[in-house]
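Before any comments, here is the structure.
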């Protein structure tokens, strides 16, 4: 079961220190670590692609949250797809591609219960984006948390990102009246309306979000999918029609602030307009994976759902890729090709 | 069908001008108006008791909202119970007591479709409080919007008010693990714990709400029933356990501010703790009246649900009673005895 092509050491990226405010390269350490030997029920996986995501910023802090913080001096982790190179499990064999959660390293020792076979119907990357965590996040947030209904006008922030771009397209494909996206560059805005079928989009850096949203949605919005928080959330509450619904998915505008920012000044509109807001985390929604897959996989196969990727080559560049996600350098999912 | 005891004129309270910030007596006018004659399908009702409620502050402003604004120069309106003195309807007869929405006047001309007979099972006042709008508000907010479950720890603000005092008691009667209330005086705090069975209560004027709440609910809260907004809302979000639920009913702390106040600085906790918040208005929830009545009427009959009232005598004192509600002078429901 051993594979003579496995070296004795591999690269891994460790958390060197916890960031205050915006993370920098100094918070990461590129290290060589011994390649472990799988014991019974374990797999040695050589990672091919890995994910960097905004939520990882939260795990760099020590604060207790819904996922355990990364530990200083230890490798980071996160979604990855790799090839089984040594299997000590009866369920997997060498050569198979598996999805697992031990990215940020060349070689991962994965428990068989933590690995999922990926089919070759789609490229490995897709299992980190449209068919993976970002896809399920978009689907659950839009359908379950925001209770999307045909005819809704939908606003999504971070609309050119991995999740946002899928939210807008899923809304259109399911009969939204109008879909509006916000993003952070003219090129992204063009991409949303010209490539992804958004009805309107704006660059939030061009002026107050509330004004730009009012212009893009003169009849108000029924659903807001929040990836951003801050002034986007206040603007969305202000633009909401009666019985509007907010899915709170993320707040990238707040991840690197060192002091708590004032919240929306218009919270009372929750009462007058009977609004609802639900925060959610994709990990709680594993029971929706099957419905999600049945809904989304055909759309991908038929080319109806576009998923963009921004790829960075080399594990050593993963910190830079992650910093880029926080800055908004990516269009669609940011993927690191490990080798 | 005429009643010779009906005078030709009656007192009514009109909106003299729209308040900026806190309303004053100058915003009201006490006037004499001709007593109208009912036409077919109408009733002339002599009001006995009427309601003054915080939500009326919103109607004094011109801003479009979920209920039409009061008109300057016209009488205000709101819940009232009175005796039919002249009936031009086949459905009602003189002498019956009816609940309707034309308070703030001695004599009301009520369409038969807008009147509901009240039984003598409970005093007329009860149909303006525990068996009326505040009762339904408490029931719908706690059970439907906050999805109360046995074993929840519940926090309610404005807890000594008409709605809040019922929320806390309904939670206890339905198996809450712990019920905490906030109010604005030591006497109200005593009333909550000693008379109404709250497990803990605090005076929000005694110190930061967040600190007092943490002390009263060391294991966090699962439900927050918000009557107050402002720093109460931020404190409640901060104290929420995972999957906590907020029913947004009112924001009395914000009704008289002339400039929008910063909102909660911890909105991102909606994501990390998977919180939900639903704003609601009792008028949308008429379909729950039957369930409400079946649940609450026996509790009232058996003396298990206490409802306090603060009464003010005389229609001319209704503006003062209303200003008192905004200041928090009342314990329980503020009722005006019209005569």
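Evaluate 2.2 N^0.38 Å with N set to the residue count of region B:231-339, then give the Cα radius of gyration divided by it.
1.40
For a Förster distance of 51 Å, can you work out the FRET efficiency between the beta-carbons of residue A:190 and residue B:259, rounded to the nearest 0.05?
E between residue A:190 and residue B:259, to the nearest 0.05, is 0.85.
Helix A:230-239 versus the longest principal axis of chain A: what angle, 0 to 90°, nearest 10, using Cα atoms?
40
Which FRET efficiency value, to the nearest 0.05, do you get for residue A:231 and residue A:30 by plugging their Cβ-Cβ distance into 1/(1 + (r/R0)^6) with R0 = 41 Å?
Values: r = 37 Å, r/R0 = 0.90.
My answer for the efficiency is 0.65.
Just the number, please: Stokes-Einstein D of region B:79-162 in µm²/s, Kirkwood Rh from C-alpha pairs, 37 °C, 0.692 mPa s.
The calculation lands on 221 µm²/s.
Taking region A:1-81 as the region of interest, what is the percent of Cα-Cα pairs per 10 angstrom bin, listed from the shortest bin to the one with the maximum distance?
15, 42, 30, 12, 1
What is the Cα centroid distance between region A:11-35 and region B:306-324, reported in whole angstrom?
Each part's Cα centre sits 66 Å from the other's.
Quick one: compute a quarter of the convex hull surface over the Cα atoms of region B:284-339 and quote it in nm².
Value for region B:284-339: 5.4 nm².
Return one number: the angle in degrees, 0 to 90 and rounded to the nearest 10, between the long axis of the Cα atoms of helix B:162-173 and the longest principal axis of the Cα atoms of chain B.
Between helix and principal axis, roughly 50 degrees.
How high is the relative contact order of chain A? Use alpha-carbon pairs under 8 Å, at least six apart in sequence, and give a whole percent.
17
Compute the distance from the alpha-carbon center of region B:264-293 to that of region B:145-207, in whole Å.
Their Cα centres are 17 Å away from one another.
Rg to Rh for the protein assembly as shown: what is it, with Cα atoms only and Rh by Kirkwood?
Radius of gyration over Kirkwood radius for the protein assembly as shown works out to 1.07.
Taking a quarter of the surface of the Cα convex hull of region B:1-160, what do you get in nm²?
So the mean shadow area of the Cα hull is 11.8 nm².
Count, for each residue of A:273-286, the Cβ atoms from other chains sitting within 10 Å of its Cβ, then give me the mean as a whole number.
5
Taking neighbour Cβ counts within 10 Å as the exposure measure, how do A:189, B:81 sort from fewest upward?
Fewest-to-most Cβ neighbours within 10 Å comes out as A:189, B:81.
Report Rg(Cα)/(2.2 N^0.38 Å) for region B:133-283, keeping two decimals. Before the final figure, lay out each step's value.
Numbers: Rg = 13.8 Å, N = 151, 2.2 N^0.38 = 14.8 Å.
For region B:133-283, the normalised Cα radius of gyration is 0.93.
Any idea what the relative contact order of region B:133-283 is, in percent, if you count C-alpha pairs under 8 Å spaced at least 6 apart?
For region B:133-283, the relative contact order is 23 percent.
Taking the radius of gyration and the Kirkwood hydrodynamic radius from Cα positions alone, what is the Rg/Rh ratio for chain A, to two decimal places?
Value, to two decimals: 0.99.
When each pair of different Cα atoms in region A:214-292 is counted once in the 1/r mean, what is the Kirkwood radius in angstroms, to one decimal?
Kirkwood hydrodynamic radius for region A:214-292: 13.8 Å.
Using only Cα atoms and rounding to the nearest 10 degrees, what angle (0 to 90) does helix B:289-301 make with the longest principal axis of chain B?
90
Over region B:5-146, what is the mean sequence separation of C-alpha contacts under 8 Å (at least six apart), divided by residue count, expressed as relative contact order in percent?
25
At a 10 Å Cβ-Cβ cut-off, how would you order B:188, B:177, fewest neighbours first? Walk me through the numbers before you get to the answer.
Working: B:188 24, B:177 14.
Lowest count first: B:177, B:188.
With Rg and the Kirkwood Rh both taken from Cα atoms, where does Rg over Rh land for region B:172-241?
My calculation puts Rg/Rh at 0.93.
When a footprinting reagent is the concern and you count Cβ atoms within 10 Å, what order do B:153, A:117 take, fewest first?
Ascending Cβ contact count within 10 Å gives the list A:117, B:153.
Sorted from largest down, what three extents in whole angstroms do the Cα atoms of region B:273-314 have along their principal axes?
44, 29, 25
Find how many whole Å separate the alpha carbon centroid of region B:86-120 from the alpha carbon centroid of region B:215-254.
Cα centroid to Cα centroid, the span is 39 Å.
What is the average number of partner chain Cβ atoms found within 10 Å of a Cβ in B:223-229?
1
The numbers here are math on the coordinates, done by the rules we state, and not lab data. All values derive from a computational prediction rather than experimental measurement. Using ideal geometry, Cβ is built from the backbone for each residue, glycine included, and neighbour counts are taken over all protein chains shown.
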